[in-house]
Structure formats: structure tokens, C-alpha cells
1. Collect residues whose amide H, placed 1.01 Å from N in the peptide plane, falls under 5 Å from the amide H of R94; neighbours closer than 5 in sequence don't count.
2. Among the listed pairs K12/K38; K72/K138; K38/K108; K12/K163; K83/K138, which have their C-alpha atoms separated by more than 22 angstrom in this model?
3. In what sequence, highest mean first, do 69-75, 113-119 appear when ranked by Cβ atoms within 10 angstrom?
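Read the figures in this text as sums done on the coordinates, not as results from a lab. Nothing here was measured: the structure is a model prediction, and the numbers come from that model. Every residue, glycine as well, gets a Cβ built from its backbone with ideal geometry; the counts of neighbours run over all protein chains shown.
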Amino acid sequence: MRKILIAVDDTKGSRNVLSVFHNFVQLPVEVILLHIEKLEGRSMMIDMLGDPEMSTLKEMLHGTEYKETLDKRSDRILAFYEKELANDGQVTIRTMRREGIPSEEILKVSEEVGAELIILGQSGRIGFDRLITGQVAKYVESKATVPVLVARRPLMCEETMTKKDAWAAVSVTTAVVFALFLLGMFLQRAAVIH
């Protein structure tokens, strides 16, 4: 593979592209890191906009504080992945930022750059939340003209633990041990009384 397009964002599902890239891909000549800025949050309205309306929305947001915040966030995300994928200069990495509907933008950029493979993460959302926010990976898989590797979320026991997760686990364990201690004290006192 000479050109690989990797679509990234700041979700845990997206971070799985790193292990997929390192474990399953031979070193390509060029990696294109792509981040799509979602302009509307979790609204379904953006999916209903046509190209003219999307262009108008992009023009209206140009130069606003909101757009600057999105750009800074994109730069931070792309810098993280660029650093993680850098392999002593053996891989040429190019970053791209787009606005719009992620699934459509991924396919457009793939065609523009002549990607031979697309790698993207799966959001990990389930149920109604997945229905509302869409299924980017599934759509890209079905419409792409090149192979697509979807980095699925690992099993729960394979995920790395964050400080927040560790603190929650310690807190719950401490609460359970303390509750058992109190129960033991209560039962011991009850046995002495009888």
C-alpha cells in the first residue's frame, strides 16, 4: 500500500486505529491523517443539508470563535496521531482537516488523494445513540471503492485504564470493604447480645 487514509477523532474507538496500523499495515509511502470537524454537535439536521446549504454554513462560521475552537481541537487531535504514527521518518504523514458529514468527507478525501486503504475507528456507540449519530464506519465500508479497515473497540479487559477509571474502581472497592466491615461488626455485636 502506497497511500493510506486514516480518519481520526478524539474518541476511544478512534484510538484503536493506532494498533490496527502498527499491527496490520506494512509501512506505506504516505499516510494521510484526516479529521472531520462536525459543525453541529449531535443534531441530525446537518445530514439533511445539501451542498449549497453546507457551503453557506461553512462561510457563516468562517472567522468565528466557534470555528477557531474547532480548528484548535482538530490541530490537537491531528498532532496527537501524527506523533503516535511517526516511525523514525520511515512514514510520510500529511494531515488534513475538513468540515461536514464525516462519512461523506472520508469518501471524498479518499478519492481526492488516491488512497489505497482507509482505516477508521468504530465509535462504540450502541442502541438509540448509534441510530441518532449515524454509523460512519458502516457507511464508509459500504460505499468505499478501496478496502476499509475498521478498528473495533477491544474487549473491556483489554482497554487501558484511565486515572478516572482507576479512582472509580478504588472507590467502589473501598466502599464494599467498609460495608463488609460494618456488617461484620453488626453481626459480631448481635452474636454477643444473644
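1. V31, I32, L33
2. Cα-Cα > 22 Å for K72/K138; K83/K138; rest within.
3. Top of the packing list down: 113-119, 69-75.
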